[in-house]
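Before any comments, here is the structure.
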Amino acid sequence: MTKSELIQLLAIANPTLYQRDLERVVTTVFEEITTALANGNRVEIRDFGSFSVKHRSARTGRNPRTGDTVEVSEKFIPHFKTGKLLRDRLNGRA
């Protein structure tokens with residue numbers, strides 16, 4: 001599902017709301033999650049899951065095509081852990 005498809009589904013489910021307002025709400029939610037993660041915070045949405053940031057240390061890697069060694073710098077990556085309700089629904093238990 002894309003962002004525009006999500007907005008469209010919300011507009012269908014809530015015909016009294018303007019689509020431009022729904023678009024602003026969805027955009028704001030995504031921006032707030034992104035900002036929180038960029039600041040090193042954890043975001044938890046009950047029954048859905050939690051977003052956090054993981055740190056990967058610098059290491060020496062290998063280019064699979066040429067076999068040369070390559071220095072890979074440290075980086076921060078987003079991590080998502082599903083909530084129990086979402087995991088149960090995906091596995092047909094709820």
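Quick check on my filter: what residues within the range 51-76 are open to solvent by less than 90 Å² (accessible area, probe 1.4 Å) and aromatic (Phe, Trp, Tyr)?
51, the sole residue that qualifies.
Could you grab me the full set of residues in the range 16-35 that are among the polar types (S, T, N, Q) and open to solvent by less than 60 Å² (accessible area, probe 1.4 Å)?
Correct list: 27 only.
Residue check: is residue 42 more than 30 Å from residue 90 (Cβ to Cβ) and not β-branched (Val, Ile, Thr)?
Numbers: more than 30 Å from residue 90 (Cβ to Cβ): no; not β-branched (Val, Ile, Thr): yes.
No; evaluated as a whole, the condition is false for this residue.
Between a first residue in the range 36-50 that is surrounded by 14 or more Cβ atoms within 10 Å (Cβ to Cβ) and a second residue that is in a strand (DSSP E or B) and polar (S, T, N, Q), which pairs have beta carbons less than 9 Å apart while being 6 or more apart in sequence or on different chains?
Every condition considered, the pairs that remain are 37/52; 43/50; 43/52; 49/82; 50/82.
If the Cβ limit is 9 Å and pairs must be 6+ apart or interchain, which residue in the range 62-81 that is free of Cβ contacts under 8 Å to residues at least 12 places away in the same chain pairs with which residue that is assigned to a loop (DSSP other than H, G, I, E, B)?
Here the result reads 62/68; 69/63; 70/63, each pair linking the range 62-81 to a residue that is assigned to a loop (DSSP other than H, G, I, E, B).
Which one of the conditions (1) of a type in the set (A, V, I, L, M, F, W, C); (2) surrounded by 10 or more Cβ atoms within 10 Å (Cβ to Cβ); (3) modelled with pLDDT of 95 or more does residue 13 fail to meet, given that it meets all the rest?
Evaluating residue 13 over (1) of a type in the set (A, V, I, L, M, F, W, C); (2) surrounded by 10 or more Cβ atoms within 10 Å (Cβ to Cβ); (3) modelled with pLDDT of 95 or more leaves (2) as the failure.
The values are calculated or read from the model by the stated rules, or taken from the named source; none is laboratory data. Everything numeric in this text was worked out from a predicted model, so none of it was measured. Methodologically, a virtual Cβ is constructed for each residue, glycine included, from the backbone with ideal geometry; neighbour enumeration extends over all protein chains shown. For the accessible areas, the whole protein counts, side chains as well, though only heavy atoms, and no ligand, DNA or RNA atoms are used. Shrake-Rupley method; radii C 1.70, N 1.55, O 1.52, S 1.80 Å.
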